[in-house]
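The structure appears right after this line, and notes come after that.
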């Protein structure tokens, strides 16, 4: 399992660049699909079918003026986008893209994912607090309450998967799904995980932290140029990772009807992401009290029930 | 070894920041950083499970709730809470004394510091210990925590 250091390094490089590209084109995919869902074309001016749009956006964001407001708490204000970016990239270290291609096979990978995931809340809170603006602050607070609540449901759903696979390693979890995807025995957990994933990525119907119509842009209202790009890219890398995780945990990872390999992984990830984009452009936003009530009174009890049923099943 | 110092020095600095910072919000953020760095020390000691649980529960749970509470009171209610840090000298003397005592006893103790090999499946061994051998103390602890939570809610909402 211990691989030479240079191998880890080039894999890290490939995964890093791959994730950045995926995030950039996820933005384009989102805009394109949004266009089709609303019977318009979406971006189609830069390059064929708008394929160069992400590059144009990146250049635009990098060339913009860096603005730091005098009333912002400078150190924390700058730390927030860094934390978001780092916390978004860290889960990539344990995701197995195929049977042999992963950076690390951690024996406690599931815990690692949850631990690293909880760090991004800090980026949001710091961004909201240090901007010294009421919109950002309200966005940050909403986001913290939402992320903490939905993290519990997500963790409980993950325990069900770990119980079935009898391991916390993601590679072992995928290997346990060779004959039957966990989607079927863990259908309750799958639904809970997917709903919690929408909340964790701050997407509609749970996008209250940024709710444009009420909070301008939420916790990153006061950020511009490269710092905004960090928030933006972080958000889409997070989305990409959620797609990968659903694939790894419930859809059998690299296994397919024939010839297992990374192509199945990416096909399934794409389908999950397409579903998430589809939902975003279909459903309206929840109200905040509905959001909290739903998490504590529906999602967590269902996750607990799933855990109980799984334990009983495994004990028999 | 240099990795240890790379973690340990900022760890001490952040810990000092927790007690010395005047601003309660910053103080809590430093606490979060301190807890993450402590978890990194656990990772260096190959205690992965403990390290990630530390980040998940303390940084992601406890410290986040602290930050949340402070943000609510400070920016929204408008009440400004500053950390007083009274008794700095006494605190410094007490912590130095604890450090010296630790040094003295660890230096003269007969404890076995040799590294023992881990069990083949660490998670399994830990789980067996927690949920089979020591299941009663574990459950008693969780009941105690539950009682503490209910107690806190009752005390906070006495007026209703």
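The values are calculated or read from the model by the stated rules, or taken from the named source; none is laboratory data. Quick caveat: nothing in here was measured; it's all calculated off a predicted structure. For neighbour counting, all protein chains shown are included, and Cβ atoms are generated from backbone atoms with ideal geometry for every residue, glycine included.
Only one entry in B:127, B:151, B:90 is modelled with pLDDT of 80 or more, in a helix (DSSP H, G or I) and either surrounded by fewer than 10 Cβ atoms within 10 Å (Cβ to Cβ) or in contact with a helix residue (DSSP H, G or I) (Cβ under 9 Å, 6 or more places away or on another chain) (or both), namely B:90.
Evaluated against (1) more than 21 Å from residue A:198 (Cα to Cα); (2) within 12 Å of another protein chain (Cβ to nearest Cβ), residue A:139 falls short on exactly one condition, (1). Here residue A:291 clears all of (1) modelled with pLDDT of 85 or more; (2) surrounded by 15 or more Cβ atoms within 10 Å (Cβ to Cβ); (3) over 14 Å from the mean Cα position of the chain (by Cα) except the condition numbered (1).
Would it be correct to say that residue B:122 is surrounded by 10 or more Cβ atoms within 10 Å (Cβ to Cβ), in contact (Cβ under 8 Å) with a residue 12 or more places away in the chain and within 24 Å of the chain's Cα centre (by Cα)? It is true that residue B:122 is surrounded by 10 or more Cβ atoms within 10 Å (Cβ to Cβ), in contact (Cβ under 8 Å) with a residue 12 or more places away in the chain and within 24 Å of the chain's Cα centre (by Cα). In summary, residue A:132 fulfils each of the numbered conditions (1) touching a helix residue (DSSP H, G or I) at 6+ places or on another chain (Cβ under 7 Å); (2) in a loop (DSSP other than H, G, I, E, B); (3) within 9 Å of another protein chain (Cβ to nearest Cβ) with the single exception of condition (1). Taking the listed residues A:138, A:92, the one that is at pLDDT 80 or above and either under 25 Å from residue A:244 (Cα atoms) or in a helix (DSSP H, G or I) (or both) is A:92, with no other qualifying.
Restricted to the range A:107-118, and to residues there that are modelled with pLDDT under 85 and facing chain B (nearest Cβ under 7 Å), the residue that is surrounded by the fewest Cβ atoms within 10 Å (Cβ to Cβ) is A:107.
Restricted to the range A:175-194, and to residues that are in contact with a helix residue (DSSP H, G or I) (Cβ under 6 Å, 6 or more places away or on another chain) and modelled with pLDDT of 85 or more, which residue is surrounded by the fewest Cβ atoms within 10 Å (Cβ to Cβ)?
A:188
Looking across the range B:48-82, the residues that are at pLDDT below 80, more than 10 Å from every other protein chain (Cβ to nearest Cβ) and either in contact with a helix residue (DSSP H, G or I) (Cβ under 7 Å, 6 or more places away or on another chain) or outside any helix (DSSP H, G or I) (or both) come down to B:77, B:78, B:79, B:80, B:81, B:82. Answer yes or no: is there a residue in the range A:59-75 that is touching a strand residue (DSSP E or B) at 6+ places or on another chain (Cβ under 9 Å) and closer than 29 Å to residue A:129 by Cβ. Yes; the residues of the range A:59-75 include at least one that is touching a strand residue (DSSP E or B) at 6+ places or on another chain (Cβ under 9 Å) and closer than 29 Å to residue A:129 by Cβ. Out of all the residues in the range A:68-88, is one or more in contact with a helix residue (DSSP H, G or I) (Cβ under 7 Å, 6 or more places away or on another chain), free of Cβ contacts under 8 Å to residues at least 40 places away in the same chain and away from every other protein chain (no Cβ under 12 Å)? Yes, the conditions are met somewhere in the range A:68-88.
With A:120, A:131 as the choices, which residue is under 17 Å from the mean Cα position of the chain (by Cα) and closer than 24 Å to residue B:25 by Cα?
Details: A:131 fails: under 17 Å from the mean Cα position of the chain (by Cα).
Going through A:120, A:131 in turn, just one is under 17 Å from the mean Cα position of the chain (by Cα) and closer than 24 Å to residue B:25 by Cα: A:120.
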